[in-house]
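Beneath this line is the structure, given in structure tokens, with notes to follow.
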Amino acid sequence: MIKVGMLGFGTVGSGFYEILKKSQARLQKKYSDSVEVCGVMVRSVDKYADLAKEVLVTDSLEKLLESKPDIVIEATGGVDGPYEMAVKVISSGIHYVTANKDLIAEKGKELRKLAEDNKVRLLYEASVAGGIPVLKPIRECLTGNTISSLAGIINGTSNYILSCMYDDGSDFADVLKTAQDLGYAEADPTSDVDGLDAGRKLAIMSSLAYGVDVDWKNIKIEGIRGVSSSDIEFAKSIGYKVKLLAVSLDTENGVYAAVTPCFVNSTSYFGITDNVFNAVMIDADAVGTLVFTGRGAGALPTGSSVYSDLEDVLETVVFGKSRDNELHIGGDAKAVLNEYPISSEWIVSYDESLDSLLTDQLINSFEDVGLVMKKNPSWKKVYFKTGHISELALKDRIRKIAGEQAGKVKIYQVYE
Ligand code: HSE
């Protein structure tokens with residue numbers, strides 16, 4: 001029997017457990033052995049009386065390790081506690097699969113080194129985009145490519161909120177409250193709506209894709225709190241939607257990486273990715289552009305990604321297949337650039353209260369790049385779309401004209 005220990009039994013853990021139970025006949029056939037959960041570690045044992053009828057349920061990691069798991073699956077949240085557990089498990093020579101994006105974004109480098117030293121596998125497909133296969137294609141299917149860019153809608157909560165704002169014109173705060181009441185958004189939504197969750201996922205993907213160490217703390221991150229209903233109404237009026245995009249590009253000068261609300265054409269791949277769905281676009285030299293889309297959260301979708309990592313590890317446990325390549329990914333740190341290095345169109349908006357002399361100058365200054373301008377009495381804002389210009393040049397121009405009032409001018413990238 002191959003034994004699996006589990007840390008955490010929340011949404012993802014229970015989804016994984018259900019898939020594992022259903023897969024028994026197939027596993028037996030493939031590996032000529034049974035694969036069973038030997039124990040589950042949870043914080044409050046009392047809550048899991050039913051589960052305890054099937055497997056060992058404990059609040060002690062030592063107890064779980066006494067049951068001699070070959071593989072440990074972690075599906076908890078946070079960094080410090082899970083890191084301590086991961087160190088203990090990996091140092092005991094046990095393969096480790098985690099769905100914990102916070103842990104991998106913060107401590108991935110250390111854990112990869114520890115896994116390498118202990119000759120065990122460390123996999124984390126479920127940490128990015130839930131049920132959508134993203135890391136494995138990067139790691140295994142695209143090895144003959146140089147990946148030049150990644151872009152994605154990788155936070156379901158903010159995508160759900162922006163979709164509702166687009167559909168019924170409601171304000172961010174009202175939709176957030178409804179999403180919380182319905183259980184779609186966490187009671188503390190900071191990490192989702194302020195873009196931190198997407199930033200961590202972007203760092204994990206980018207480190208793998210470019211073979212460098214991208215620290216999520218160096219990524220430019222702006223969430224969706226500042227997206228107003230008039231921003232969305234203006235976007236709609238010109239055939240666009242506002243989406244929280246996580247974008248990275250590998251350049252000679254460093255990796256550009258940012259999470260920001262962007263305008264996307266409403267019929268584009270990102271434009272048709274609504275509600276809690278996620279989408280990831282990869283540009284690579286040999287294969288061209290790939291788009292992966294599907295459910296970025298939820299028990300069975302995320303459980304499915306955890307399960308696929310389990311089968312990867314089973315190939316090592318049963319057939320001795322080595323996967324040294326995954327341990328070396330995420331090499332040296334590379335500078336993280338915060339300004340989009342390619343010329344692009346932009347949406348510029350400012351409050352009607354901005355000095356009228358400045359607004360005239362602002363609009364006139366963009367005549368050379370072309371513009372679509374709109375205002376509407378209920379918006380109390382003026383919007384215009386520029387032609388192609390670099391982010392640096394755009395900001396520079398705004399700063400020169402608006403001076404101290406530059407903070408009142410808001411920009412959105414038009415992502416093509
Ligand atoms: N809170 C995350 C989201 C869950 O909204 O996408 C999946 O990581």
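Observations on the structure shown:
- Using the Cβ-Cβ distance between Asp168 and Gln28 with R0 = 45 Å, the FRET efficiency computed as 1/(1 + (r/R0)^6) comes to roughly 0.35.
- Label zone of Val79 (point 7 Å out along Cα→Cβ, amide N under 15 Å): in the stretch 97-111 this covers 100-111.
- Once all protein chains are placed together, Ile19 keeps about 40 Å² accessible to a 1.4 angstrom probe.
- Reduced Cα scattering model of the stretch 202-246, Debye log10 I(q)/I(0), q = 0.20, 0.22, 0.32 Å⁻¹: -0.71, -0.76, -1.13
- Ligands, DNA and RNA aside, Lys334 has an accessible area near 70 Å² when probed at 1.4 Å.
- Computed on protein heavy atoms with a 1.4 Å probe, the accessible areas place Cys164, Cys141, Cys262 in the order Cys141, Cys164, Cys262, largest first.
- Helix axis angle, 11-22 relative to the chain longest principal axis, alpha carbon, degrees: 50 degrees
- Using only the C-alpha atoms, the convex hull of the stretch 19-109 corresponds to 120 Å³ per residue.
- Fluctuation leader among Ala198, Ala129, Ala52 - the chain, Gaussian network, Cα springs under 10 angstrom: Ala52
- With all projection directions averaged, the alpha carbon convex hull of the stretch 185-337 covers 11.5 nm².
- Each of Asn145, Asn118, Ile71 was placed along the dipole of the stretch 46-169 (beta-carbon charges, centred on the mean Cα), and the one lying farthest toward the positive end is Asn145.
- If you sort the three axes of the alpha carbon gyration tensor as a ≥ b ≥ c, you get a/c of 1.5 or more for the stretch 368-416 and a/b no higher than b/c, which makes it oblate.
- Theoretical gain in end-to-end length, Ser356 to Asn338 [0.36 nm per residue, Cα-Cα removed]: 3.4 nm
- Accessible area, probe 1.4 Å, largest first, for residues Glu186, Glu315: Glu186, Glu315
- Of Lys217/Lys375; Lys21/Lys241; Lys243/Lys334; Lys21/Lys113; Lys47/Lys109; Lys201/Lys380, pairs whose Cα-Cα distance is over 30 Å: Lys217/Lys375; Lys21/Lys241; Lys21/Lys113; Lys47/Lys109; Lys201/Lys380
- The C-alpha atoms of the chain define a longest principal axis, and helix 172-181 lies at about 20 degrees to it.
- Residue-averaged 222 nm ellipticity for the chain, from DSSP H runs of 4+ at -39500 (n - 2.57), nearest 500: -11500 deg cm²/dmol
- Shape annotation for the chain: C-alpha extents along the principal axes are 76, 46, 34 Å, from largest to smallest.
- The accessible area of Arg225, taken with all protein chains in place and a 1.4 Å probe, comes to roughly 120 Å².
- Using alpha-carbon coordinates, inclination of helix 80-91 to the longest axis of the chain, degrees: 40 degrees
- DSSP bridge analysis restricted to the chain gives an antiparallel fraction near 65%, rounded to the nearest 5.
- The length gained by stretching the chain between Ile363 and Ser322 to full extension, at 0.36 nm per residue less their Cα-Cα distance, is 8.8 nm.
- Placing a pseudo-label 7 Å from each Cα along the Cα-to-Cβ vector at Lys374 and Glu315 gives an inter-label distance of 4.9 nm.
- Ranking of Lys243, Lys375, Lys381 by solvent-accessible surface, largest first: Lys375, Lys381, Lys243 (1.4 Å probe, protein heavy atoms only, all chains present).
- With protein chains left intact and a 1.4 Å probe, residues in the chain average 43 Å² of accessible area per residue.
- A simple spin-label model places the labels of Ile238 and Lys119 6.0 nm from each other, with each point 7 Å out along Cα-to-Cβ.
- Accessible-area composition of the chain, carbon plus sulfur, in percent [1.4 Å probe]: 50 percent
The values are calculated or read from the model by the stated rules, or taken from the named source; none is laboratory data. Source: prediction; values computed, not measured. For neighbour counting, all protein chains shown are included, and Cβ atoms are generated from backbone atoms with ideal geometry for every residue, glycine included. Accessible surface is based on the protein model in full, side chains and every heavy atom, while ligands, DNA and RNA are left aside. Shrake-Rupley method; radii C 1.70, N 1.55, O 1.52, S 1.80 Å.
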